[in-house]
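Written out below as C-alpha cells is the structure these notes cover.
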Amino acid sequence: MWAISGILSVVALIAWLEIPSLLRKGYRREVRAFLILLLLAAVLSIAKCLQIDMPNPIDWLLKLFSPLYKMVEQLL
C-alpha cells in the first residue's frame, strides 16, 4: 500500500511541476499527451507493485515476424 501511495505522490508532484508551465506556454495538446503518458506510466507502475502479470511486447513482435523470418530463411 505504501508503494502505491508513493507512486501516486510522485505522479502528483510531476504533474504539479510540469503542467502549469505547459499551460502558460499554450501547449494544450502537449498537456493532453503528457497526462495520458503519465497516467499510463502510473497504471503500469501500480500493476507492477501489485505483481500483476503483464504481457511482454517482444512476444507479440515474435509472433508477428516469425512467419516472415521463416520465409526469408527458406530463400537463403
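Read-outs throughout are calculated quantities, based only on the coordinates presented, and are distinct from any laboratory measurement. Treat the numbers as computed from the prediction; the structure is a model and nothing was measured. Cβ placement follows ideal geometry from the backbone for every residue including glycine, while neighbour counts extend to all protein chains displayed.
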* Given Val43, Asn56, Ile14, which one lies farthest toward the positive end of the charge dipole of the chain, if we put +1 on the Cβ of every Lys and Arg and -1 on the Cβ of every Asp and Glu? -> Ile14
* With a/c under 1.5 counting as rounded, go ahead and sort the stretch 1-73 into rounded, prolate or oblate using the C-alpha gyration tensor (a ≥ b ≥ c being the square roots of the eigenvalues; past the cut-off, prolate if a/b is larger than b/c, else oblate). => oblate
* Asked: Going through the chain, which trypsin sites (Lys or Arg not before Pro) have at most 10 other Cβ atoms within 10 Å and a DSSP loop state?
  -> Lys25
* Asked: Of all chymotrypsin sites (Phe, Trp or Tyr not before Pro) in the chain, which ones are in loop regions per DSSP and have a Cβ with at most 15 other Cβ atoms within 10 Å?
  -> Tyr27
* Asked: Separation of the stretch 50-76 and the stretch 17-37 by C-alpha centroid, Å?
  -> 36
* To do: Rounding to the nearest 20 debye, state how big the charge dipole of the chain is about its Cα centre with +1 on each Lys and Arg Cβ and -1 on each Asp and Glu Cβ.
  => 380
* To do: Could you tell me which of Tyr69, Ala33, Trp2 has its Cα farthest along the dipole of the chain towards the positive end, charges placed at Cβ (Lys, Arg +1; Asp, Glu -1), taken about the Cα centre?
  => Ala33
* **Separation of the Ala15 and Leu75 label points, Cα + 7 Å toward Cβ, nm** => 4.9
